[in-house]
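The values are calculated or read from the model by the stated rules, or taken from the named source; none is laboratory data. Given the structure is predicted, the values throughout are model-derived calculations rather than measurements. Cβ coordinates were reconstructed from backbone atoms using ideal geometry, including for glycine residues, and neighbour counts include every protein chain displayed. Just the protein is used for accessible areas: all its heavy atoms, side chains included, with ligands, DNA and RNA removed. Shrake-Rupley method; radii C 1.70, N 1.55, O 1.52, S 1.80 Å.
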Amino acid sequence: KNAYKVTPTDMFYTQLHYSNPFAFMHFLMMPLSAGAAVFISDQVDPRPILTNINEFRVTRMAPTLPTISELLRVAEEEKVPFTMLKYFVLTGTSVPKDLWQKIQKQTKIQVINCYGMTEYLGTIAVNTPDKPGDVLKPGYCGPALPGTKVRVVDDSNDEIEKKKPQVGQLL
């Protein structure tokens, strides 16, 4: 039931370059090591991307935000459903609330937000739709992964209290 439980029937597709550590790990190495397939394409136009998503039965996609908007627009205009796509996996960005609502209204696709650091070479936090108690909402990247300690500090490097929301730096 975990969103990151990969099966041989899963098909992964990303628009991110594989020099990006997230794309390399989550959309190339992890799926291949689990026996899943990876669809590689140089398409940037939403129509062929939508066709490929459906034709090749893509289940997980790491798109850019502009691509999500365009895919939703084309799918709505041309009455093309997303047949197999279960997850949009996003990193390095926060989904604007209006786009989040459009995804929820127009599709059954879940949005997984990941947070990582290039210098860390890995993902630090991820929300998963199948994890009990995890919240799926715009801007939330989930709890820290096991083995990862995070904290939020203010300008004086003092830890920010969880009950007192304020702007800080993630360490």
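Some points to look at:
- Matching option when the condition is at pLDDT 80 or above, of a type in the set (Gly, Ala, Ser) and at positive phi, among Gly133, Gly147, Gly139: Gly147
- Restricting Val6, Val44, Val58 to those that are part of a loop (DSSP other than H, G, I, E, B), in contact (Cβ under 8 Å) with a residue 12 or more places away in the chain and either closer than 18 Å to Val126 by Cα or among the charged types (D, E, K, R) (or both) reduces the list to Val6.
- Tallying residues that are aliphatic (A, V, I, L, M), assigned to a helix (DSSP H, G or I) and either open to solvent by less than 80 Å² (accessible area, probe 1.4 Å) or on the phi > 0 side of the Ramachandran plot (or both) within segment 9-41 yields 3.
- The set of residues in segment 49-65 being open to solvent by 40 Å² or more (accessible area, probe 1.4 Å) and modelled with pLDDT of 90 or more consists of Thr51, Glu55, Phe56, Arg57.
- Any pair with Cβ under 9 angstrom, 6 or more apart, that starts in segment 79-93 at a residue that is touching a residue at least 60 places away in the same chain (Cβ under 8 Å) and among the β-branched types (Val, Ile, Thr) and ends at one that is open to solvent by 30 Å² or more (accessible area, probe 1.4 Å) and in a loop (DSSP other than H, G, I, E, B): Thr91/Leu16; Thr91/Asn20; Thr91/Cys141
- In segment 67-105, the qualifying residues are those that are over 18 Å from Thr51 (Cβ atoms), more than 13 Å from the chain's Cα centre (by Cα) and not aliphatic (A, V, I, L, M), and the one that is most open to solvent (accessible area, probe 1.4 Å) is Lys105.
- Here Leu16, Leu65, Leu72 are screened, and the one residue that is aliphatic (A, V, I, L, M), in contact (Cβ under 8 Å) with a residue 24 or more places away in the chain and out of contact with any strand residue (DSSP E or B) (no Cβ under 8 Å at 6 or more places or on another chain) is Leu72.
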